[in-house]
Amino acid sequence: MLDCLNHGDKMSDSYDDRLKRFRDKLRSAFDEFNAILLDSPTEEELQRVLTKHPQLLTSVLHGADGIIPKLRLGAEYVTDFVAWSERQTGVYWQFIEIEPSHFKLFNKAGDPTKELTHAVGQVQSWRRWASDNRSYCQSILKNVFKDIHPEFPDWYLDREFRIDDLKCTVIIGRKDTLSTDNLDRLHQMNVDTNGRIEVMTYDRIVDTTRRSLQWFSEDLSKRNL
C-alpha cells in the first residue's frame, strides 16, 4: 500500500509528509464516495467517482497497480474498468464491471437477480472474447500499457501480457441487503469460479478504505504526527 506514496509527490518531501498527504487524499476520496453512496447514485456517477479516485478501486483488486476506465475491446465491448498488475512474470489484467449500488443481488427466493445475472454474463462475454481474440487483445493491452508508461524504453515494454489467467470483478449492490443465506450463496458463487470471477458489493471498497484510514491514523499517532 505504501508504494503509492511515491506517486505524484516530490521526492524531496519526507516520508511523513507524503504519508500525511496520501492520508488526506484518501480521506477526501472516502468522504466523497461514502456520500454519493447515500443518494442511490447512477452507474455513471459511480464511474465518475471511481475514475477520479482510482485508489478506492485498486485497493480491492488483488494488488492492482492502476486502472483504466472505459477500455474498448474491439468493436464488440467496452469495459467499465481495466486494472493491471506488474509482476516478475509479466503484466496481468483484470476486467471490472460495475452496476448501481441500489441493485439487489438476490431475490426473495434466494436466486440471483436478473441484474446480477446480466453483470456476470457481461464479464463472461469479455473473458470469452479475450480468449477467442488472444493476439488482438494482447495488442490492445500492450498499446494501453505504452500510453501509461511513455517514459519506459521499448525493451521494458516487450513483456508478456498475461490474459490466460484473466480475472474479472463485478461490483454491485450493498451488503445490508444480504441475508446470511445470501452471503453463503455469494461465497459459493465466488468459490465455484475458482477466482476467475468475483462478485462483491460496494461495501468492500468502503470497509477496505476505512481500515486503511485507521491504519494511517494509528501509524501517524504513534509518531505524534
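Bear in mind these aren't lab numbers, they're just calculated from the coordinates by the rules spelled out. Keep in mind that what you see is a predicted model, and the values were worked out from it rather than measured. No Cβ is skipped: glycine too gets one built from the backbone with ideal geometry, and neighbour counts run over all protein chains shown.
Legend: Rg and Dmax of region 13-70, from Cα coordinates, 12.9, 40 Å.
Here is the link list: Lys20/Lys104; Lys108/Lys167; Lys25/Lys70; Lys25/Lys175; Lys20/Lys52; Lys52/Lys142. Which ones come out longer than 27 Å on Cα distance? Exceeds cut-off: Lys20/Lys104; Lys108/Lys167. Note that the chain, at 4 °C in a medium of 1.567 mPa s, gets a Stokes-Einstein diffusion coefficient of 68 µm²/s from its Kirkwood radius over C-alpha pairs.
Seen from every direction in turn and averaged, the convex hull around the alpha carbons of region 130-225 projects onto 10.7 nm². Spin-label model, Asn190 to Asp31: label points 7 Å out along the Cα-to-beta-carbon direction sit 3.0 nm apart. Taking GluC sites (Glu not before Pro) across region 41-130, the ones in a DSSP loop with at most 13 further Cβ atoms lying within 10 angstrom of their Cβ are Glu76. Counting only DSSP beta bridges whose two residues both lie in region 42-208, roughly 55 percent are antiparallel. Each residue of region 165-171 was assigned a 3J(HN,Hα) from its phi angle through the Karplus curve 6.51 cos²θ - 1.76 cosθ + 1.60 (θ = phi - 60°); the sequence is 10, 5, 9, 10, 10, 10, 10 Hz, with glycine and proline shown as x. Residues within the reach of a label modelled at Thr89 (point 7 angstrom out along Cα to beta-carbon, backbone nitrogen below 14 Å), restricted to region 155-183, are 160-167. Legend: calculated FRET efficiency, Lys175 to Phe152, from the Cβ-Cβ distance at R0 = 30 Å, rounded to 0.05, equals 0.15. Would you look at the GNM of the chain, springs on alpha carbons closer than 10 Å, and say which of Thr42, Thr169, Thr201 moves the most? Judging by the Gaussian network model, the answer is Thr42. With a Förster radius of 22 Å applied to the C-beta separation of Arg21 and Thr208, the computed FRET efficiency comes to 0.65. In the chain, the calculated helix contribution to ellipticity at 222 nm averages -15500 deg cm²/dmol per residue, counting -39,500 (n - 2.57) for every DSSP H run with n ≥ 4.
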